[in-house]
2 protein chains.
Amino acid sequence: MTHRAPFDFFTRSAFGIEPGSHIGTQLEGLASRIDLSKGQTAPLDNRSDRIVFVASGATKLVAQASEQRQQIVAFHFDGDIVSVPADGLFANSVTALRHSELLVFPAREFFDSAAGEARIARSLLERLPIALQRCRDRAVALGQGSATERLAGFLLAMSERIGRADADHCELDLPMSRKEIGESLGLTIETVSRQFGVLRELGLIKTQGRSRVTIFDRDMLSRKAGHLHQTQKTSGNPTN
Amino acid sequence: MTHRAPFDFFTRSAFGIEPGSHIGTQLEGLASRIDLSKGQTAPLDNRSDRIVFVASGATKLVAQASEQRQQIVAFHFDGDIVSVPADGLFANSVTALRHSELLVFPAREFFDSAAGEARIARSLLERLPIALQRCRDRAVALGQGSATERLAGFLLAMSERIGRADADHCELDLPMSRKEIGESLGLTIETVSRQFGVLRELGLIKTQGRSRVTIFDRDMLSRKAGHLHQTQKTSGNPTN
DNA sequence: TGGAAGCTTTGATCTAGGTCAATGAAGCTT
DNA sequence: AAGCTTCATTGACCTAGATCAAAGCTTCCA
């Protein structure tokens with residue numbers, strides 16, 4: 001029973017499906033549950049495509065660009081869907097930033113079931129374009145943004161996902177290291193650190209210890225991010 | 001009748017739906033057909049989300065990062081689906097690189113119809129993750145790749161979409177300018193030009209006029225792109 | 001067919017961010 | 001609580017690519 005919890009949570013909250021139903025049972029038959037401790041990588045044989053849900057925790061999706069270089073393609077948190085096709089240019093892997101629970105489906109079978117079930121199809125058809133849009137926004141930031149803009153944008157995006165907002169300042173407990181931030185922004189660890197310094201000296205943020213960040217001036221930070229990160233209306237569930 | 005052609009082409013070839021069927025009629029009611037001449041931008045009111053299909057032609061999806069800076073997020077060709085959510089960080093627009101025909105659907109209604117129709121749902125559920133993966137690969141290239149790697153990767157990607165392969169060399173007629181290539185790779189026009197020069201001097205490509213490119217050594221070009229652009233198995237329809 | 005307008009190439013600097021190197025915190029471990 | 005290991009910060013310097021500037025090519029239209 002305890003073991004069922006993450007699965008039932010998903011069928012119900014993500015897709016509006018009752019645990020006992022036909023389709024629910026069918027999906028459950030497809031799912032594997034995976035528990036990852038911090039730093040562990042999900043054992044996805046990269047033969048075939050997988051759909052991964054982060055039931056709880058925080059993960060990074062890493063593309064191995066070469067032996068030396070790797071890029072973090074996205075961070076995922078509770079409830080996010082991670083689409084991991086095997087036929088991209090780079091090998092992708094999912095690694096936990098802290099203890100996380102995953103649900104893994106074989107993509108083809110999952111989509112086969114989903115396509116026939118309007119509620120699931122709708123949920124996916126809403127989530128995937130959001131994930132795509134997030135990825136596009138990241139591509140723009142990587143292609144056009146300065147180091148400061150990228151970090152400012154990153155902090156704002158994170159604050160929307162995992163921030164606790166009081167009055168006008170926002171507390172943030174980053175589960176990723178400076179190295180990982182750099183790998184996701186296409187910057188070195190030193191540059192990330194220096195940019196934290198820049199934002200700190202501008203009085204826009206405060207840092208405490210390694211992971212704790214307080215955002216003082218969200219609007220100014222948004223302007224630093226390139227004017228454009230207008231406080232995004234949280235339209236539906238964050239998905240990617 | 002002539003006017004119906006692009007629509008019928010889509011319902012049939014993209015979704016396996018017969019023109020006269022119920023769902024076909026329903027979708028047709030949602031669609032607007034748009035003819036764009038070179039340089040024209042599709043008049044998508046950016047109030048609400050749109051799903052755009054490129055029935056024929058070549059288009060660029062542009063994100064306006066600021067008044068000065070814009071980034072080309074993707075190029076689309078015959079048969080591609082363009083998902084244009086309105087709630088990204090940046091305003092997106094679709095502009096024709098040459099004369100193009102578009103089919104435009106309001107996203108919500110389109111997904112509502114699609115979710116109930118397994119063939120359409122499946123088609124979309126296959127296409128969207130591919131588009132997402134393409135975007136992620138681009139993000140990796142933008143985050144990690146040198147100028148040479150980006151251009152090499154770009155040329156390979158284009159050759160897979162619009163190249164005519166003879167024996168071992170591949171002819172390519174690029175519909176976009178150096179400026180547009182630069183805007184898509186996060187490089188300046190001058191750098192793009194210099195990198196063309198580099199690849200030319202390495203004997204990997206030849207250029208004739210502004211748009212004609214011949215790829216001589218695909219494997220070597222792939223290695224220049226960062227080892228990783230393994231000649232991608234053309235799995236299903238290109239989608240994004 | 002001539003020539004203007006706009007692309008593209010090439011060259012000479014300049015600079016943001018990378019690289020290398022050292023110091024200074026955090027946070028585990030025992 | 002001491003000490004060790006790992007992570008983060010700071011500094012000095014150096015390159016890839018941006019910027020500024022000037023020719024060369026295409027293309028297209030009269």
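Annotations for the structure displayed:
- Failed item in (1) closer than 28 Å to A:SER146 by Cβ; (2) within 13 Å of DNA strand C (Cβ to nearest atom); (3) among the charged types (D, E, K, R), with B:LYS206 passing the rest: (1)
- Per this entry, A:ARG164 is counted among residues that are among the basic types (Lys, Arg), away from chain B (no Cβ under 14 Å) and either away from DNA strand D (no atom under 11 Å from the Cβ) or free of Cβ contacts under 8 Å to residues at least 12 places away in the same chain (or both).
- Only residues that are at the interface with another protein chain (Cβ under 7 Å from one of its Cβ atoms), outside any strand (DSSP E or B) and within 19 Å of A:LEU185 (Cα to Cα) were counted in region A:62-88, giving 3.
- When restricted to residues that are within 11 Å of DNA strand C (Cβ to nearest atom), touching a residue at least 12 places away in the same chain (Cβ under 8 Å) and out of contact with any strand residue (DSSP E or B) (no Cβ under 8 Å at 6 or more places or on another chain), region A:178-188 contains 3.
- Residues in region A:81-106 that are of a type in the set (A, V, I, L, M) and in contact with a helix residue (DSSP H, G or I) (Cβ under 7 Å, 6 or more places away or on another chain) were compared, and the one that is most open to solvent (accessible area, probe 1.4 Å) is A:LEU89.
- In region A:91-122, the residue that is nearest to the other protein chains (Cβ to nearest Cβ) out of those that are touching a Lys or Arg at 6+ places or on another chain (Cβ under 8 Å) and of a type in the set (Phe, Trp, Tyr) is A:PHE111.
- In region B:177-211, residue farthest from DNA strand D (Cβ to nearest atom) [restricted to those that are within 14 Å of chain A (Cβ to nearest Cβ) and of a type in the set (S, T, N, Q)]: B:SER184
- Sole residue being open to solvent by less than 40 Å² (accessible area, probe 1.4 Å) and part of a helix (DSSP H, G or I), chosen from A:ILE23, A:ILE17: A:ILE23
- Selection count, region A:75-89, where residues are within 27 Å of B:LYS224 (Cβ to Cβ) and either touching a residue at least 60 places away in the same chain (Cβ under 8 Å) or among the acidic types (Asp, Glu) (or both): 1
- Within this structure, B:LEU128 passes the test of being surrounded by 19 or more Cβ atoms within 10 Å (Cβ to Cβ), modelled with pLDDT under 95 and part of a helix (DSSP H, G or I).
- Subset of region A:52-74 (residues that are in contact with a helix residue (DSSP H, G or I) (Cβ under 7 Å, 6 or more places away or on another chain), open to solvent by 30 Å² or more (accessible area, probe 1.4 Å) and without any contact (Cβ under 8 Å) to a residue 40 or more places away in the chain): A:ARG69
- Candidates A:ASP49, A:ASP78, filtered to the one that is under 19 Å from A:ALA157 (Cβ atoms) and either open to solvent by 10 Å² or more (accessible area, probe 1.4 Å) or polar (S, T, N, Q) (or both): A:ASP78
The values are calculated or read from the model by the stated rules, or taken from the named source; none is laboratory data. This one's a predicted model, so the numbers in the text were calculated from it and none came from an experiment. Here Cβ is always computed from backbone atoms with ideal geometry, including for glycine, and neighbour counts include all displayed protein chains. Surface accessibility is based on the protein's heavy atoms, side chains included, excluding ligands, DNA and RNA. Shrake-Rupley method; radii C 1.70, N 1.55, O 1.52, S 1.80 Å.
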